[in-house]
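First comes the structure, then the notes that go with it.
The values are calculated or read from the model by the stated rules, or taken from the named source; none is laboratory data. Treat the numbers as computed from the prediction; the structure is a model and nothing was measured. Heads up, the Cβs are rebuilt from the backbone with ideal geometry, glycines too, and the neighbour counts pull from every protein chain shown.
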Amino acid sequence: MGANNNGQLGNNTTTQSFVPVQVQSTETGAGATGMLRNVVAVAAGAYHNLALENMGTVRSWGHNSNGQLGNADTTQRLRAESVWDATGDASQRLTNVVAIAAGYYSSYALKGDGTVWAWGHNGQGQLGDGSNSHASRPVQVKGVNGVGALSGVVAIAAGSVHALAVLSDSTVVGWGVNVSGMLGDNTSGNKNTPVEVVGENCIGKLGGVIAVAAGYYHSVALKDDGSVWAWGTNNQGQLGQGNTTLSQCPVRMMYTGNVHVSDGAGIAAAARVTYVLRGSGVWATGYGLGRGMGNGANDNDNHLLTEVTMGPSASAKLTDITAIAAGGSSGAAHGLALATTGTLYGWGAGGSGQNGNNSTASNSMAQPVLNVGYGSTTLPTCASGFCTNVLKCTIAGVTYAIGQPNPANPCQECRSTNTTAWSAKASGTNCKTDTLTCTTNACNASGSCVPTVTTGCLINNQCIPSGAAQSTGSCNVCTPSKSTTA
C-alpha cells in the first residue's frame, strides 16, 4: 500500500494503492502462482523493497537507479525478481541469506556464515566495501577499519544512508554517512568501511546489544537489559533526551518524566523518529509532522518517548503488540504495529496511502490497516482519518483483500462488487511474464492464464529479445517464430 511510481508495490503496475495489494513474482516452475510466496522477512527502502524467501534467497522490486535491486542492471522492476550473487551471473542467486535490510538507495543481506553483502548506492561508503562506487550486484562488506571481511554478524539494520551490524560479542559497528555522528564512533566523518560504536560517555565499546535500528541521520540500539540507546542527530528529539542536542556517542533514551527505558522489547527508526516497544505498548519520540508520534497531537515534536494511542479516542492505548516498524525518509514518518491477534495498526503520514485506510489522510492515532482480517465486507466509511466497515472478501471461509488474486488462478480476483466469490479479470489481462521461456501470458475469455505472446528466443537457456543479435558481432538475430534458434 502507498506510493507506487517506481513499481515499489510489486503488483505489476505503477498505480498507488490506499489499501494493501499482493506482490507479484516472476518465479516460474513447480508451484509458481505468479505471486510472491514463501516469504519470511521483508525490508523497505525509499522506492524499492526486498523479500527474504524461506530457502535463503532474496527477491527485489521497484526503483533501481543505483542497482539497489541487485540484478546487475539499473532497470526498475514492477514484480519481485531474484537478487543475483556476486558474480553477476543470472543463473546464480544470492543464497544462504538469513536477514535483509534496505536503505534509501541501497540493500543489505546477512548470510548464515556471519558475513554481510551489500549493493546499490555507494557515494558515501554505504556499501562498506572500501570504495565509493555503486554496485548493481552484491559486494562483501569489509572488516572493521577495512581489515579483512566483516564476520561474526548476528543482526543488521539500514538507515537512509548508513548501516549498522551487531556482532556475536554484542558490540556494534557502522558504516556510511556520518555527518551527524550516527555511526557512533565519536567523529563526524563518513566511513566506507565499518567502525566500532563507542560506549556510554564515549568510553570503550557499546556492549550487550541484541538489536539495532537506523533512521535518517540517527541510530538506535536495544540492550539485553531492556535499556535503549541512541546516537546521531537530534534536531526533532529523536534521541529521547528531552532536548535537541545531537550526540556522536550513545545516550540512554528516556520516556515521559525523564525516566530511563528499562523494559524495551523492540525498536524501529525512520526519518526523524524513534519507536520503542515497551511491554506490549508502543512509544514514540521525534518529528511530529504528519502526526508521526501517534499520540493524538497534530504535528507536534516529542523530545521524550510518549505512548502511541489508538483512535478514534486518544484514551485507548495499543496493547498486545509483538512487532513494530517505521517508514519515511527525510520527511514525515509513519509507524506500523502488529498485534498478537494478527491485526496491523498504522499511524502518521498518509499522503500516499501508506496507512492503508483507503485514503490519503494522516493518522494522529493508530488505527487498523484495512483488509488485514479486520472489519466487515461493506464499503469503508472514513472520517478524519479513521475508517470503519473494512473492505474484504470471504470465500470458502478464507479472507482476501480487495484486488487480491485467487492463489489458484491469477485470472480471478477479489472485488468489492462480489465479496463471496471470485470475479474474473478482463480477457487479455497480463497474468504472467516468463523470462525463462520468453513468453507473456494473458487471461483468456474462459478465465485461464495462457501464453499469448512470444517475447524472444530461448537459446542456450538464455532469453534473447526479439530482433536482438545472438551475441556481439553475430549476424544471427532473434525471430520469435523460431523460438529456439536464431
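Wholly within the stretch 1-104, which strands (runs of 3 or more DSSP E) include no fewer than the required count, namely at least 1 residues that are within 22 Å of G215 (Cβ to Cβ), touching a residue at least 24 places away in the same chain (Cβ under 8 Å) and not hydrophobic (A, V, I, L, M, F, W, C)? Talk me through it step by step, then tell me what you get.
Numbers: elements: 39-44, 48-53, 58-62, 77-82, 97-102.
Because the criterion is at least 1 residues that are within 22 Å of G215 (Cβ to Cβ), touching a residue at least 24 places away in the same chain (Cβ under 8 Å) and not hydrophobic (A, V, I, L, M, F, W, C), the strands (runs of 3 or more DSSP E) in the stretch 1-104 that meet it are 48-53, 58-62.
Could you pull out the residue among T420, T433 that is surrounded by fewer than 18 Cβ atoms within 10 Å (Cβ to Cβ) and either within 21 Å of T26 (Cα to Cα) or at pLDDT 75 or above (or both)?
T420
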Is it the case, given these coordinates, that G114 is surrounded by fewer than 18 Cβ atoms within 10 Å (Cβ to Cβ), over 21 Å from the mean Cα position of the chain (by Cα) and at pLDDT below 95?
no
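Out of everything in the stretch 182-208 that is part of a loop (DSSP other than H, G, I, E, B) and farther than 16 Å from L167 by Cβ, what residue ends up being farthest from the chain's Cα centre (by Cα)? I'd like the intermediate steps shown before the answer.
Going residue by residue through the stretch 182-208, those that are part of a loop (DSSP other than H, G, I, E, B) are 182-190, 197, 199, 203-204, 206-208.
From the residues that got through so far, the ones that are farther than 16 Å from L167 by Cβ too are 182, 186-190, 203.
Working: M182: 21, N186: 29, T187: 29, S188: 27, G189: 27, N190: 24, I203: 34 Å.
That would be I203.
Return yes or no: is V179 in contact with a Gly (Cβ under 9 Å, 6 or more places away or on another chain) and surrounded by fewer than 20 Cβ atoms within 10 Å (Cβ to Cβ)? It would help to see each step written out before you state the result.
Numbers: in contact with a Gly (Cβ under 9 Å, 6 or more places away or on another chain): yes; surrounded by fewer than 20 Cβ atoms within 10 Å (Cβ to Cβ): yes.
So V179 fits the description; yes.
Can you tell me which residue within the stretch 256-287, out of those that are hydroxyl-bearing (S, T, Y) and either surrounded by fewer than 18 Cβ atoms within 10 Å (Cβ to Cβ) or more than 26 Å from K205 (Cβ to Cβ) (or both), is modelled with the highest pLDDT?
Our first condition is that a residue be hydroxyl-bearing (S, T, Y); within the stretch 256-287, this holds for 256, 262, 274-275, 280, 285, 287.
Then drop every residue that is not either surrounded by fewer than 18 Cβ atoms within 10 Å (Cβ to Cβ) or more than 26 Å from K205 (Cβ to Cβ) (or both), which leaves 256, 262, 280, 287.
Values: T256: 88, S262: 96, S280: 87, Y287: 89.
Taking the candidates together, the pick is S262.
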Members of the stretch 240-256 found to be assigned to a loop (DSSP other than H, G, I, E, B) and closer than 24 Å to G189 by Cβ, listed by number
Q241, T244, T245, L246
Scan the stretch 144-176 for residues that are touching an Asp or Glu at 6+ places or on another chain (Cβ under 7 Å) and buried (at least 24 other Cβ atoms within 10 Å of the Cβ) and jot them down.
V173
